[in-house]
Each structure stands twice: as C-alpha cells, then as structure tokens.
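The values are calculated or read from the model by the stated rules, or taken from the named source; none is laboratory data. Remember, it's a predicted structure, so these values are computed and weren't measured experimentally. FYI the Cβ positions are ideal-geometry reconstructions off the backbone, even for glycines, and counts take in every protein chain you see. Ligands, DNA and RNA are stripped out before the accessible areas are found, and what is left, the full protein with its side chains, is counted by its heavy atoms. Shrake-Rupley method; radii C 1.70, N 1.55, O 1.52, S 1.80 Å.
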Amino acid sequence: MALPFLKWAAANTILSANKMNFYRLALILISVLAPALFCRAEALNEDAIVKSEFIYLKAPFPSCHASTIAETKSGLVAAWFGGTAERNPDVCIYVSRHVDGIWTVPIAVADGTGFATNRFPTWNPVLFEANNGSLLLFYKVGPSPAAWWGMMMTSTDDGKTWSKPRRLPDGILGPIKDKPVQLPDGGILCGSSTENNGRRVHFERTDDYGNTWTTTPAVNDPKKIGAIQPTILFLKDGSLESIGRTDNDKIFQVNSTNDGKSWGPMTLTDLPNPDSGIDAVTLQDGRQLMVYNQNIRSGSHNKGRSPLNVAISPDGTNWFAALVLENDPDAPSGFSYPAVIQTHDGLVHITYTWERKRIRHIVIDPAKLKLRPIVNGQWPQ
C-alpha cells in the first residue's frame, strides 16, 4: 500500500509544483503586461475615441516631428517637418489634406533654401484658418531655435496651393508651436517664445492677417521659470489663459484680462512636464482640453515623452484625467508635440509625433469622456 501512496504523493507534488510555477509565471506576466494593456485599452477601447490612424505609412523622409492641424471649408489639413533628422538642412515642411476620408500623400511645400549660400532646416509649422477664409502656414527657418526666424505662407484653396514664402519682420517669429487664436475684434494672437537669452514667452498680434505685427515683452523671468511654446485659451469670464512647456518639470500658467496686451505673473501648475510641448483648446461648451505628457524628464528612456495624456478643465485651473492616448516607457523618442483642434461638428482632432517616425491622428468625442480628478498633479489609477 505504501508504494502506490508514494507514487500518488510524488505525482501530486510535481503537479502542485507545476501549478505553483504556472501561477508565479502568470502573476509575473500580469504584473508586467497589465499596465500597458490597461492603458492601451483605456485609449483604444474608450467609447469617446472615434478614430485612430496614421496620416501616412510611407514617406520620402525617415524622421518627422511637430505636427499641426486645421479645419478648412473642404476638410482637414495637417503639416509637420520631415527629413533625415531634426536640425539637418534637408528637413522640409510637409502638408497632407484629408480628402474623401483619406489623407493625401505628403507634399513638401517649404524648405530652407534661398538664404545666402546655405540651406537651413525648417521647424515647427503652425496651420491656422482665419475668419476671412485664408489658410495661414507659419514656420521657422534657421540652424537652431536660438537662431531661427519666422516665415509665413497663405493658401486660398484650403491647402492645395500656397503663396510664395515670405519672411516675417525682424523680431517676429509667429506662433512658435501651437495655433494662434482669433479675438472677437478680429486680431490674431500668437503665443511665441525665444531661446537665445534664456527661455522667454511673449505674445505677437496681427490685425491684418500677417502683414503688420505688434509684440509684448517677455512675460516670464527665465531665471525663475524657463518657459516656451505657449498655447492660448478663452476662459468663461472673458479673460485669456496661456499654458505651456517649461524646464521646471511643471506646466506654466499665465493670464491676461485685456485680450493679450499685457499678462499677469507666470506661475507653475501642479501638472508635470518633461520639457516637452503641449497643446490645448477651448471647447464649444466652455471647458478646456489639454494634450500633454503626464511625466517628468528624468528616469525615462524617452525623456519622459510617454505617456501622452488628455485632460479637461472646467476653469483652466482644476484638471481632470480623461484619456491615456499612448503609454510605452521604452518607445524610441516616445509620443510628443501634440496639436489639437475642435471641428465644427464638435469632435476633437489630435495629431502628434509617434516615435519620430509617423504622425498619428486621433478623433475624440469630448461629450463621451469620463473624467476623474487629478489631485496634486498625480494621474488617477
């Protein structure tokens, strides 16, 4: 009787050990994969997401960055810079139009030729459709952000053809990364910044669609807050708010009560920033929607440019978590430099750099977003 019992005990001991190893392996896999699976499901399975796509799959350039998007009367238009790598002189501004549900093949519309004897890289295109129906394209040309200058083109046929590029006046850079806003009096207000003497934010205004300009002084002391790339929001009380990127690990905030002629003191919010661009838009219902990297720069394989998050605020100060669009801490170059608009049908369109290889386009129905408060800058679990 002892031998059969020993065989049974040994077999069950082996089985139990195998079960234990299986459970341990399962727990390890769950601990490793669950965060990524959860975040991916939160992004792609959320009812609020209407569409997620790449604007292109193949292109004549290996690297891209700094997308922008606008709505015209005939559809969406997107632009970005592309080339062998950022700062290289072959980097051009590319444009794609959304026609019959499909993005057209990217076409280079501007480069850095025609300046002395050198060819320079192009940078940070910004599209904006003005209320006179013209589509404005701003971009920068130069060897670096500390030494670039502003350029501008216009289109009267929704981005099919473009005017000859012209250089903006000395001291005017145009919107530095994010779209401008058109004020009730018709003036176009652009958030801009410089990096040649510390990181400083200022605001530029044109009342004649880019022919003449005025500018404010810097609204921050770069020794206290090094800030660039502001985006502009309309608050419910009629004032303006600007938020943007800093090298202080936080998003900045600054307000104006006179349509951007002057601005109050710049402060840091609780929201983290890995020294990477953000964008935001005032929704038709008066709320503010922001797209940004909820992270800091240190301790990340892609300089904190993952995850990429969507948050909403009723007042521009208190923010609520809405979506995680991307979350892969090991993704090369991460997911960054979002651009966001709301189209006339109420949907929100977001474009952003995907691993410096492609531009992703995501469409959201903001009415379906489920919100959770962000407390002390911590994204809710």
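Here are the numbers for the structure shown:
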{"item": "Single match in Leu325, Leu283 (criterion: at pLDDT 95 or above, open to solvent by less than 20 Å² (accessible area, probe 1.4 Å), in contact with a helix residue (DSSP H, G or I) (Cβ under 7 Å, 6 or more places away or on another chain) and more than 19 Å from Ser67 (Cβ to Cβ))", "result": "Leu283"}
{"item": "Matching residues, the stretch 172-206, being in a loop (DSSP other than H, G, I, E, B), over 26 Å from Ile225 (Cβ atoms) and open to solvent by 10 Å² or more (accessible area, probe 1.4 Å)", "result": "Pro184, Asp185, Gly186"}
{"item": "All strands (runs of 3 or more DSSP E) inside the stretch 90-171 with 1 or more residues being within 21 Å of the chain's Cα centre (by Cα)", "result": "92-99, 122-129, 135-141, 149-155"}
{"item": "Residues of the stretch 209-247 satisfying the condition of being part of a loop (DSSP other than H, G, I, E, B), open to solvent by 50 Å² or more (accessible area, probe 1.4 Å) and of a type outside the set (Gly, Ala, Ser)", "result": "Tyr209, Asn211, Thr212, Pro217, Asp221, Lys223, Lys224, Lys236, Asp237, Asp247"}
{"item": "Any hit, the stretch 294-305, residues being in contact (Cβ under 8 Å) with a residue 60 or more places away in the chain and in contact with an Asp or Glu (Cβ under 8 Å, 6 or more places away or on another chain)", "result": "no"}
{"item": "Filter result for Trp80 (among the hydrophobic types (A, V, I, L, M, F, W, C) and either within 19 Å of the chain's Cα centre (by Cα) or crowded, with 22+ Cβ neighbours inside 10 Å (or both))", "result": "yes"}
{"item": "When residues of the stretch 249-268 are limited to those that are in contact with a Lys or Arg (Cβ under 9 Å, 6 or more places away or on another chain) and touching a residue at least 60 places away in the same chain (Cβ under 8 Å), the one nearest to Glu355 (Cα to Cα)", "result": "Met266"}
{"item": "Meets criteria (modelled with pLDDT of 95 or more, closer than 18 Å to Phe81 by Cα and open to solvent by 20 Å² or more (accessible area, probe 1.4 Å)) for Trp149", "result": "yes"}
{"item": "Check on Ala130, among the hydrophobic types (A, V, I, L, M, F, W, C) and farther than 22 Å from Lys73 by Cα", "result": "no"}
{"item": "Residue that is farthest from Cys190 (Cα to Cα), among those in the stretch 254-274 that are polar (S, T, N, Q), open to solvent by 30 Å² or more (accessible area, probe 1.4 Å) and not in a loop (DSSP other than H, G, I, E, B)", "result": "Thr267"}
{"item": "In the stretch 363-381, the residues that are open to solvent by 40 Å² or more (accessible area, probe 1.4 Å), of a type outside the set (D, E, K, R), assigned to a loop (DSSP other than H, G, I, E, B) and under 21 Å from Leu283 (Cβ atoms)", "result": "Leu371"}
{"item": "Failed condition for Arg360, given (1) open to solvent by 10 Å² or more (accessible area, probe 1.4 Å); (2) closer than 23 Å to Asp47 by Cβ; (3) in contact with a strand residue (DSSP E or B) (Cβ under 6 Å, 6 or more places away or on another chain); (4) free of Cβ contacts under 8 Å to residues at least 40 places away in the same chain", "result": "(4)"}
{"item": "Condition check for Ser31: modelled with pLDDT under 95 and more than 21 Å from Pro338 (Cα to Cα)", "result": "yes"}
{"item": "Selected residue (only one of Thr216, Thr212 is over 30 Å from His98 (Cα atoms), in contact with a strand residue (DSSP E or B) (Cβ under 6 Å, 6 or more places away or on another chain) and modelled with pLDDT of 95 or more)", "result": "Thr216"}
